[in-house]
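Peer 1: Okay, here's the structure, questions in a sec.
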Amino acid sequence: MSVVLEKSALLALDEDHLLVDRFNAGDEAAFERLYTKYYDKTYSIARGVLLDSEDASDTVQEIFTLVYRHLGRFDHRSKFSTWLYRIAVNRSIQESRRARYRYKHVPLTEAIPETPTEAGPHRDPKIQTALAKMRPADRLLITLFYWEELSLQDIAQTLGCNANAAKTRLYRARERFREHYESEDA
Amino acid sequence: MKTPREIDEWMWLVAEDGSSEAVREFERRYPGHTLELHRRLEMMERLRKVGRARSLGERPRFAPRMNRPAPWQWMGGLACLLLIGGVSYFATLRLSTKAKALPAPASMAHTSPWNETPPQTGGTPVTANMTRVASPAEPTPNAQNTVRMEAVELRTALELLAAQGQIRLQFAPDMPNPTIRFSYTGYSTMEMLEDLGRHLGFTPFDQGDGTILIVPAIDPNRRLAQAHGGQNGEVAILTESETR
């Protein structure tokens, strides 16, 4: 069983590297394939950090534009997905800082409310508010672990740290989330 | 009261797992933490529910965005341009200042009894009290000049010639200072000094550092470095004077 799993992971890894090589050789369709394959996960990362779906969608386009431009620099030493997620994390956090600055400088009447107002069946103001109060990096850990259900190992690779560090950071983020969540009751 | 670390960690595991069996086991062992466990269970359930229910939206078609230069990029370019402009401005300014700092032959007219005359294209220069006709662009000891001075003290004449030729003069003691008149056409400064020395009893020694030592004596064995290439020279003593 595990041999089969390893083999399929290896195939996926090889497929990504093959697509990267094909794109670098001038095959645009190879990039489309990578984009289709990793769009959802990249969007989840951006959304986890930014909370706002429009901002997330916009940021994902920027992330893939960056990847498109710099794919020639990808050195195949890590998985393509790890490289992509790292770009996604950094870009999303950067964008969240920019957004915070932007919102600080709009008139009070136009400022977005503290609680995200996305409509839909998944709307839970208490959860959304607690997430909105967190630092983007902490929020990212929560969303990657509880929403995307990434393993600690995968999170560690995405963040560029080891699994133990990722675990410690996740537990701290979880504790901060609980504090914000419970403060809503008070 | 703070929850002991072991219980806290177990409580998180149970809350994240959410299985009823694990909950029952925890409640049995730690009845005092049941309320906290249920708060965490509810929180995790709501968090996951939001995560599960979120929509990813429609995947837009990918089109690489145009590279819009960031403000710091064009500001950097502007700074470079300003720097280049500033450097060229100051370089030009410095060069023109240097050019102005060179001894201008025209200024000598204000500080000396020289009278400027326009460069002669031929024939005899216009005679004034003291006339110099020289090429201002090459005021060097080897430049060919046309000079005419009337009723001027030797020492003053030599100093004027030195200023024109951009050389320094040092006078040995007992240098005579008669009032003289002379005229040279197509002579260099050094040739004029040599010739004046022959007529007036002194010898100019080139020290090699741009200084000419004027000694009031003539060495009979001294050979002129070279015959001057001047066209015409004339020297006359008008009045003998005391030595200085």
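Peer 1: Go through the stretch A:157-182 and give me each residue that's among the hydrophobic types (A, V, I, L, M, F, W, C), surrounded by 17 or more Cβ atoms within 10 Å (Cβ to Cβ) and either at pLDDT below 90 or assigned to a loop (DSSP other than H, G, I, E, B) (or both).
Peer 2: Listed by number, the list holds a single entry, A:159.
Peer 1: Okay, moving on. Which residues, taken from the stretch B:143-164, are of a type outside the set (A, V, I, L, M, F, W, C) and touching a strand residue (DSSP E or B) at 6+ places or on another chain (Cβ under 8 Å)? Reasoning before the result, please.
Peer 2: Residues of the stretch B:143-164 that are of a type outside the set (A, V, I, L, M, F, W, C), as a first pass: B:144-146, B:148, B:150, B:153, B:155-156, B:159, B:164.
Within the stretch B:143-164, B:144, B:145, B:146, B:148, B:150, B:153, B:155, B:159, B:164 qualify.
Peer 1: Filter the stretch A:18-67 down to the residues that are under 13 Å from the mean Cα position of the chain (by Cα) and small (Gly, Ala, Ser), then identify the one that is surrounded by the most Cβ atoms within 10 Å (Cβ to Cβ).
Peer 2: A:46
Peer 1: Moving to a separate point now. Starting from residues that are within 14 Å of another protein chain (Cβ to nearest Cβ) and among the charged types (D, E, K, R), keep the ones in the stretch A:153-181 and report whichever is nearest to residue B:43 (Cα to Cα).
Peer 2: A:178
Peer 1: If you go through the stretch B:218-241 one residue at a time, do you hit one that is at pLDDT 85 or above, touching an Asp or Glu at 6+ places or on another chain (Cβ under 7 Å) and on the phi < 0 side of the Ramachandran plot? Walk me through it before giving the result.
Peer 2: Keep residues of the stretch B:218-241 that are at pLDDT 85 or above, which gives none.
For the stretch B:218-241, residues at pLDDT 85 or above, touching an Asp or Glu at 6+ places or on another chain (Cβ under 7 Å) and on the phi < 0 side of the Ramachandran plot: absent.
Peer 1: When you scan the stretch B:138-152, do you find a residue that is out of contact with any helix residue (DSSP H, G or I) (no Cβ under 9 Å at 6 or more places or on another chain), at pLDDT below 85 and assigned to a strand (DSSP E or B), even just one?
Peer 2: So far as the stretch B:138-152 goes, yes, one or more of its residues are out of contact with any helix residue (DSSP H, G or I) (no Cβ under 9 Å at 6 or more places or on another chain), at pLDDT below 85 and assigned to a strand (DSSP E or B).
Peer 1: Considering only residues that are assigned to a helix (DSSP H, G or I) and within 13 Å of chain A (Cβ to nearest Cβ), which ones fall in the stretch B:13-37?
Peer 2: B:13, B:15, B:16, B:17, B:35, B:36, B:37
Peer 1: If you go through the stretch A:70-90 one residue at a time, do you hit one that is within 11 Å of the chain's Cα centre (by Cα), among the hydrophobic types (A, V, I, L, M, F, W, C), more than 14 Å from chain B (Cβ to nearest Cβ) and over 27 Å from residue A:129 (Cβ atoms)?
Peer 2: Yes, because at least one residue in the stretch A:70-90 is within 11 Å of the chain's Cα centre (by Cα), among the hydrophobic types (A, V, I, L, M, F, W, C), more than 14 Å from chain B (Cβ to nearest Cβ) and over 27 Å from residue A:129 (Cβ atoms).
Peer 1: For the stretch A:133-152, name all the residues that are assigned to a helix (DSSP H, G or I), over 18 Å from residue B:13 (Cα atoms) and more than 12 Å from chain B (Cβ to nearest Cβ).
Peer 2: Passing the criteria: A:133, A:136, A:137, A:138, A:140.
Peer 1: Right, next: Please pick out the residue among B:183, B:188, B:135 that is at pLDDT 85 or above and out of contact with any strand residue (DSSP E or B) (no Cβ under 6 Å at 6 or more places or on another chain).
Peer 2: Result of the check over B:183, B:188, B:135: B:188.
Peer 1: Also, I was wondering about something else. Which of the residues spanning the stretch B:38-63 are among the aliphatic types (A, V, I, L, M) and more than 7 Å from chain A (Cβ to nearest Cβ)?
Peer 2: Once the filter is applied, which keeps residues that are among the aliphatic types (A, V, I, L, M) and more than 7 Å from chain A (Cβ to nearest Cβ), the stretch B:38-63 yields B:41, B:44, B:63.
The values are calculated or read from the model by the stated rules, or taken from the named source; none is laboratory data. Please read these numbers as outputs of a predicted model, since none were measured by experiment. Cβ sites come from the backbone with ideal geometry, for glycine too, and all protein chains shown count toward neighbours.
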